Structure formats: C-alpha cells, structure tokens
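To keep things clear, I will list the structure first and then write my remarks on it.
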Amino acid sequence: MPTIFTRIINGELPGRFVYRDDVCVAFLSINPLQPGHTLVVPIEEVDHWVDASPELNQHLMAVAHKVASAQQKVFSPAKVGLMIAGLEVPHLHLHVVPIRGVHDLDFANADKNPDPAALDDAADRLRAALG
C-alpha cells in the first residue's frame, strides 16, 4: 500500500510543492513547526534513511541544502534545522525548518491548524527563491 507521501507525490492528495526532480520532491509540512517547514522526500519508497543508498542520501541532502538556502533568504531565521525522525510516516523524509532556537524543532509545538493562506504564501515565496 502506498504511503501518504507517495499519494501526495502522485497527485492523489494535495501538496504544496516547492521543488521536484527525478529523484525527490520537497513540499511544505501540513503541521509546520515554523513557517516554511519543508519535507524533502524521495520518490522511491524507502522507510529508513539507513536503508537508502548513499547516492540517494547524498541527493536528498543536496536538495535539503537548496531548500535551506531559500528558507534563509525568505524567512531570515537564526539557523535552519535539519532532522530525520521518520516515526510518523514510514517513508524517508528530511525536515528542513527555519528556526530561532532548538525549541522550534519540538513536534509538540507543531501547528495543528495552520492558516492555508499562510502556507500558500510560504510555498510561493520558497518556489520563487528556489527559482
């Protein structure tokens, strides 16, 4: 059975995409830790990052770097955090999050009801910065 991320990648469920290539996609989290919180997800379903090939992990990291650079331009955070948790969806994904402090990486603080207009604006701004 396809993961929820595969369903988003395939267009079966909506997603606010900011990046796509032949290997991976990047789209905004529906429960962002901070504005601009982006997930970098391989198209191939891989559950755990240690099961991915070194080449895939390297590519995901390179895309996360591009996204983080765009987030720095758009949101001017103190830092951009990077996290691989992987407990909630069994499909490898990197969380790329503009942060002010380590508390901004606490999933207990995720926005469970984000404003759709704010998500659309963040996606538009990131797409423009990734241009």
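With the chain treated as a Gaussian network of Cα nodes joined by springs under 10 Å, which of Val89, Val25, Val97 yields the largest mean-square fluctuation? Looking only at Val89, Val25, Val97, the biggest GNM fluctuation is shown by Val89. Taking the inverse of the mean reciprocal distance over all distinct Cα pairs, the Kirkwood hydrodynamic radius of the chain comes to 14.7 Å.
Between Ala117 and His65, the C-beta separation translates, for a Förster distance of 30 Å, into a calculated FRET efficiency of about 0.60.
Normalised by the number of residues in the chain, the mean separation of alpha-carbon contacts (under 8 Å, six or more apart) gives a relative contact order of 31 percent. Between the helical axis of 54-75 and the longest alpha-carbon principal axis of the chain there is an angle of about 10 degrees. For region 28-81, the list of GluC sites (Glu not before Pro) that fall in a loop by DSSP and count at most 15 other C-beta atoms within 10 angstrom reads Glu44, Glu45. If you run the Gaussian network model on the chain, springs between alpha carbon atoms under 10 Å, then out of His65, His48, His103 the most flexible one is His103. How tilted is helix 116-130 with respect to the longest principal axis of the chain? Cα atoms for both, answer in degrees (0 to 90, nearest 10). Taking the Cα atoms of the chain, the angle to 116-130 is about 80 degrees.
Out of Pro77, Pro14, Pro42, any idea which swings most in a Gaussian network model of the chain, alpha carbons joined below 10 Å? Result for the chain, Cα springs under 10 Å: Pro14 fluctuates most. In this calculation the C-beta distance from Asp124 to Leu87 is compared with R0 = 25 Å, giving a FRET efficiency of 0.25.
Every number in this text was worked out from the coordinates using simple rules, so none of it is lab data. Nothing here was measured: the structure is a model prediction, and the numbers come from that model. All Cβ positions, even for glycine, are placed from backbone atoms using ideal geometry, and neighbour counts span all protein chains on display.
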